1. Looking at the chain, what helices (runs of 4 or more DSSP H) fall wholly within it and have at least 3 residues that are open to solvent by 70 Å² or more (accessible area, probe 1.4 Å) and either polar (S, T, N, Q) or at pLDDT below 75 (or both)?
2. Take the residues in region 52-103 that are touching a helix residue (DSSP H, G or I) at 6+ places or on another chain (Cβ under 8 Å) and of a type in the set (Ser, Thr, Tyr); name whichever of them is nearest to residue 33 (Cα to Cα).
Amino acid sequence: MKLLKREEPLRGRAVALIFLLCLSGMTAEPARYSVPEEAERGSFVANIAKDLGLTGEELLARQARLVPEGEKQYFQLNQHTGDLMVREQMDREELCGQSEPCL
């Protein structure tokens, strides 16, 4: 029985070590892009695939998509190329009101 008691903590430690090793390879950094208020529909913003170090095929395979916080979808993502484009023109007053700065 003493042997079993020694194996249990080792098993838990092994699971914790594997979990930590998996998490250590994952990093999350927010990407920020500046878009002029006057940017017209179809204006190029950035290539998300390039910024993430992925190909368009990898974006497509991972089913990358944009999820808006509000009701309007201001951007569109081309999953094949990774291009982020303006879908709808933005109105600063509508988005931020009188707050400064507007981010």
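The values are calculated or read from the model by the stated rules, or taken from the named source; none is laboratory data. This is a predicted model, so every value here is computed, not measured. Glycine also receives a Cβ, built like all others from the backbone with ideal geometry; neighbour counts cover every protein chain displayed. Accessible surface is based on the protein model in full, side chains and every heavy atom, while ligands, DNA and RNA are left aside. Shrake-Rupley method; radii C 1.70, N 1.55, O 1.52, S 1.80 Å.
1. 2-24
2. That would be 81.
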